[in-house]
Amino acid sequence: MKKIDAPEKVIFICDGKKCSRYNNEVFKGFKHLIKEYGLKRNVVLTCMECTDNCKTAPNICLQPQNIWIGEVGEKDVKDIFKKYIV
Ligand code: FES
């Protein structure tokens, strides 16, 4: 077993059956911002399975702050990024 360096922050985007209908632009938006801000080594963007919050699809989760946000639209991505990631 070998310990690996943990990223400072992780953006989880739900890719469950319902969220995946709406999450494409959200994923692209975060990916673009991570690159734009030069944070590829510090911030990991990844998908997560359904967490039974489908009513608010698409959902994201920000760690280590443990902030969960639902009904994330493409227009919200930059505000979320500036508020919680940068
Ligand atoms: S599909 Fe995303 S919470 Fe269920």
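Any read-out appearing in this document is the output of simple, stated calculations on the displayed coordinates, not a laboratory observation. Only a predicted model underlies this, so the values are computations on that prediction, with no experimental measurement involved. Glycine gets a Cβ as well: all are built from the backbone with ideal geometry, and neighbour counts include every protein chain shown.
For region 60-70, does any single residue satisfy the condition of being without any contact (Cβ under 8 Å) to a residue 24 or more places away in the chain and in contact with a Pro (Cβ under 9 Å, 6 or more places away or on another chain)?
Taking every residue of region 60-70 in turn, at least one turns out to be without any contact (Cβ under 8 Å) to a residue 24 or more places away in the chain and in contact with a Pro (Cβ under 9 Å, 6 or more places away or on another chain).
Name every residue in region 45-77 that is more than 10 Å from the ligand (Cβ to nearest atom), in a loop (DSSP other than H, G, I, E, B) and either within 14 Å of Ile11 (Cα to Cα) or of a type in the set (A, V, I, L, M, F, W, C) (or both), in order of residue number.
Residues satisfying the conditions are Pro64, Gln65, Asn66, Val72.
Within region 25-44, how many residues turn out to be in a loop (DSSP other than H, G, I, E, B), within 14 Å of the chain's Cα centre (by Cα) and not charged (D, E, K, R)?
Final tally of qualifying residues: 2.
When the residues of region 38-58 are filtered to those that are in contact with a strand residue (DSSP E or B) (Cβ under 7 Å, 6 or more places away or on another chain) and among the β-branched types (Val, Ile, Thr), which remaining residue is surrounded by the most Cβ atoms within 10 Å (Cβ to Cβ)?
Filtering first and then ranking leaves Val43.
For region 59-86, how many residues are surrounded by 14 or more Cβ atoms within 10 Å (Cβ to Cβ) and farther than 18 Å from Ile34 by Cβ?
3
Provide a single number: the residues in region 12-24 that are more than 11 Å from the chain's Cα centre (by Cα) and over 17 Å from Ile67 (Cβ atoms). First the steps, then the outcome.
First, the residues of region 12-24 that are more than 11 Å from the chain's Cα centre (by Cα): 16-22, 24.
Subsequent filtering for residues that are over 17 Å from Ile67 (Cβ atoms) retains 16-18, 20-22, 24.
Qualifying residue count, region 12-24: 7.
Restricting to region 2-37, name every residue that is surrounded by 13 or more Cβ atoms within 10 Å (Cβ to Cβ) and within 12 Å of the ligand (Cβ to nearest atom).
Scanning region 2-37 gives Phe12, Ile13, Cys14, Asp15, Gly16, Lys18, Cys19, Ser20, Tyr22, Asn23, Val26.
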